[in-house]
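Report on the following structure.
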Amino acid sequence: MTPSPETPHQRLTRNYGEMLQEIRVAQTGVQFLLAFLLALAFTPRFAEISQFQRTVYVVALLLGAAATALLIAPAPFHRLVFRRRLKSHLVAVTGWFTLCGLGFLVLSLGASMLLILDVVLGTRQAVWLTAGIVGWFVGWWFAVPMWSRRRGQRHPDSR
């Protein structure tokens, strides 16, 4: 027995469910990062950091908060448009929230790495290593999927 094809509404519901699963993975990471950053300011050694390190800390904290807001945004958005026949819009907006949230997350991770590496190794090495780490994340999170997406468009039989 062949299953019946999905209706457009069923496809949107499935897509939204898949997006929420993706967001759950990112939310855990951003919540741990933000908790670490929030706790850092209350450690005894925090008072001894340089002005550069303090600035990097504030940037990391703000980027982490922005990532958190965007990765949680689909939940209140869904609640406010629930039963308004806006599922297609909800799926599109959730996609943008997720991509932007991941962008802020990678920047917050980068700033956090810069802060830690600056304390441990010094500024020069920290900048180079952080650039490599951010490049690594951008490559796996954005460049490889975009390359795969573009490659998949050339194959009409791929789904």
Practice task
Could you pull the accessible area for Glu48 with a 1.4 Å probe, rounded to 10 Å²?
Solution key: 140
Exercise for the section: Post the alpha-carbon centroid distance, region 106-159 to region 43-64, in whole angstrom. Expected result: 22
Problem - Protein-only accessible surface order, largest first, of Ser148, Ser4 at 1.4 Å - result: Ser4, Ser148
Problem - For the chain, the fraction of alpha-carbon pairs in successive 10 Å shells from zero, as % - result: 10, 29, 29, 19, 10, 3, 1
Fill in the blank from the handout: Rounded to the nearest 10 degrees, the helix 51-72 long axis (Cα) sits at an angle to the longest Cα principal axis of the chain of 20
Practice task
Using a 1.4 Å probe and ignoring any ligands, DNA or RNA, find the accessible area of Trp141 and quote it in Å² to the nearest 10.
Solution key: 90
Handout entry: Histogram of C-alpha separations across region 30-103, 10 Å bin width, %
Key = 18, 36, 23, 15, 7, 1
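The values are calculated or read from the model by the stated rules, or taken from the named source; none is laboratory data. Predicted model only: the values in this text are computed from it and were never measured. The accessibility values were calculated without ligands, DNA or RNA, using every heavy atom of the protein model including side chains. Shrake-Rupley method; radii C 1.70, N 1.55, O 1.52, S 1.80 Å.
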